[in-house]
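The values are calculated or read from the model by the stated rules, or taken from the named source; none is laboratory data. Keep in mind it's a predicted model, so treat the numbers as computed, not measured. Reconstructed Cβ throughout: ideal geometry from the backbone, glycine too, with neighbour counts over all protein chains shown.
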């Protein structure tokens, strides 16, 4: 009975505040914050490179329907190599690094695993929403540029 009450109290406490980090029971401290901060930098750089590749395709006059999948396909290999190498390098430190390094490693490993797929899948979807639905970004193909110049 006491274990049931303790488990229920623990789950309620973790919903009320961020006092536990993941399922590992590691406190979310300064090192975990550093892991999240560096993770943000890595993911932003992946998004910038993906946007740059999409914009290069735009300047060449490629249609949006071809530029977005090509950008994802072209960038998946370097991103997966970088993320895979980072995750594999952090596993030994996460397992035996001690209480100082474990929160940073958990933040990096979990964040990179989730954010990589979000970056490669959702960023092109949001980009297409901005172009096709919201029309915040004007997309012209080579044919439409020639037609506007001829007019």
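Just a yes or no: is a residue in segment 119-138 within 30 Å of residue 30 (Cα to Cα), surrounded by fewer than 15 Cβ atoms within 10 Å (Cβ to Cβ) and at pLDDT below 85? Break it down into steps so the answer makes sense when it comes.
Keep residues of segment 119-138 that are within 30 Å of residue 30 (Cα to Cα), which gives 119-120, 122-123.
Now drop any that are not surrounded by fewer than 15 Cβ atoms within 10 Å (Cβ to Cβ), which leaves 122.
Of the ones still in play, those that are also at pLDDT below 85 are none.
No, there is no match, as no residue in segment 119-138 is within 30 Å of residue 30 (Cα to Cα), surrounded by fewer than 15 Cβ atoms within 10 Å (Cβ to Cβ) and at pLDDT below 85.
Listed here are the residues, each with its yes/no results for (1) surrounded by 15 or more Cβ atoms within 10 Å (Cβ to Cβ); (2) within 24 Å of residue 113 (Cβ to Cβ).
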{"position": "50", "(1), (2)": "yes, yes"}
{"position": "55", "(1), (2)": "no, no"}
{"position": "59", "(1), (2)": "no, no"}
{"position": "66", "(1), (2)": "no, no"}
{"position": "76", "(1), (2)": "no, yes"}
{"position": "85", "(1), (2)": "no, yes"}
{"position": "90", "(1), (2)": "yes, yes"}
- So which of 90, 68, 7 is touching a helix residue (DSSP H, G or I) at 6+ places or on another chain (Cβ under 7 Å), over 29 Å from residue 137 (Cβ atoms) and either part of a helix (DSSP H, G or I) or at pLDDT below 90 (or both)? 90
- Query: From the list 100, 104, 112, which residue is touching a residue at least 24 places away in the same chain (Cβ under 8 Å), surrounded by fewer than 18 Cβ atoms within 10 Å (Cβ to Cβ) and under 19 Å from residue 34 (Cβ atoms)?
  - Reply: 100
